[in-house]
Amino acid sequence: MPARLRILVATLWAGSLWTIGFVVAPTLFATLSDRVLAGNIAGSLFRVEAWLSIACALVLLALLQWAPGTLDLRRRRLLAALVLSMLVCALVSHFGITPLMSEIKAQAPSGIMDDAMRSRFGMLHGMSSLVFAVQSLLAGLLIWKQQ
């Protein structure tokens, strides 16, 4: 039972990352003519995703700790390292990069940024996208290495 629960939680986590990041957010920007609105909705979804990531990481770490008999030590350590790496990605993005992006947006409440603000926001968005891509790749590896 712990192995199936572990796979279920890992699949929920990976699926939510991939759906929001690679289907929903791009669809918002492709569908809505108001890019600020699309960005605000995507930002809200990524906030929910960050908290889901934290919850899934904690559940998976608990399952790895409290159901050790289902996996050998080497596999358990690998899975724990993947989960912790994904958790770090979520924490860096949500508590590190996102507040900086929000600060820039708050300085331009009408959505109009000067060149310096737009450049800084773009750099932070690029960093956030890179962290998300790494987390998404790690999610695939986490699913792959479950058994």
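What is the dipole size for the chain, taken about its Cα centre, with +1 at each Lys and Arg Cβ and -1 at each Asp and Glu Cβ, in debye to the nearest 20?
Values: 12 positive and 6 negative charges, 128 e Å.
The dipole magnitude comes to about 620 debye.
The Kirkwood radius of region 34-112, taken over pairs of alpha-carbon atoms, gives through the Stokes-Einstein law at 10 °C and 1.306 mPa s a diffusion coefficient of 109 µm² s⁻¹.
Measuring between their Cα centroids, region 36-99 and region 1-17 lie 12 Å from each other.
Using r as the Cβ-Cβ distance of Ala108 and Leu78, and R0 as 41 Å, what FRET efficiency do you calculate, to the nearest 0.05? Can you show the working numbers first?
Details: r = 44 Å, r/R0 = 1.08.
So, using R0 = 41 Å, E works out to roughly 0.40.
For Cα extents along the principal axes in Å, several values are listed as (i) 34, 32, 25; (ii) 57, 27, 19; (iii) 51, 35, 29; flag the one computed from this structure. Computing Cα extents along the principal axes in Å and matching it to (i) 34, 32, 25; (ii) 57, 27, 19; (iii) 51, 35, 29 gives (ii).
Taking Cα atoms only, the orientation of helix 2-19 departs from the longest principal axis of the chain by about 20 degrees.
Quick check: at a probe of 1.4 Å, how many percent of the accessible area of region 1-146 sits on carbon and sulfur atoms? Mind showing how you got there, number by number?
Working: 6010 of 8570 Å².
Exposed carbon and sulfur together represent 70 percent of the surface.
For n ≥ 4 DSSP H runs only, could you compute -39500 (n - 2.57) per run for the chain, divide by its residues and tell me the 222 nm figure to the nearest 500?
On the way: 6 runs with 116 residues, N = 147.
Helices in the chain give a 222 nm mean residue ellipticity of -27000 deg cm²/dmol.
So how tilted is helix 98-107 from the main axis of the chain? Cα-based, degrees 0 to 90, rounded to 10. That works out to roughly 10 degrees.
Please identify the trypsin sites (Lys or Arg not before Pro) of region 115-147 that satisfy two criteria: DSSP loop assignment and at most 14 other Cβ atoms within 10 Å. Which are they? Don't skip to the answer; put the middle values down first.
Working: sites: Arg118, Arg120, Lys145; in loops: Lys145.
Answer in residue order: Lys145.
Looking at the chain as a GNM with Cα springs under 10 Å, which of Pro99, Pro26, Pro109 has the largest mean-square fluctuation? Among Pro99, Pro26, Pro109, the largest GNM mean-square fluctuation belongs to Pro109.
Helix 73-91 versus the longest principal axis of the chain: what angle, 0 to 90°, nearest 10, using Cα atoms? In the chain, helix 73-91 runs at an angle near 20 degrees to the longest axis.
The values are calculated or read from the model by the stated rules, or taken from the named source; none is laboratory data. Every value quoted in this text rests on a predicted model; they were computed, and no experiment measured them. Heads up, the Cβs are rebuilt from the backbone with ideal geometry, glycines too, and the neighbour counts pull from every protein chain shown. Accessible surface areas use protein heavy atoms only, side chains included; no ligands, DNA or RNA. Shrake-Rupley method; radii C 1.70, N 1.55, O 1.52, S 1.80 Å.
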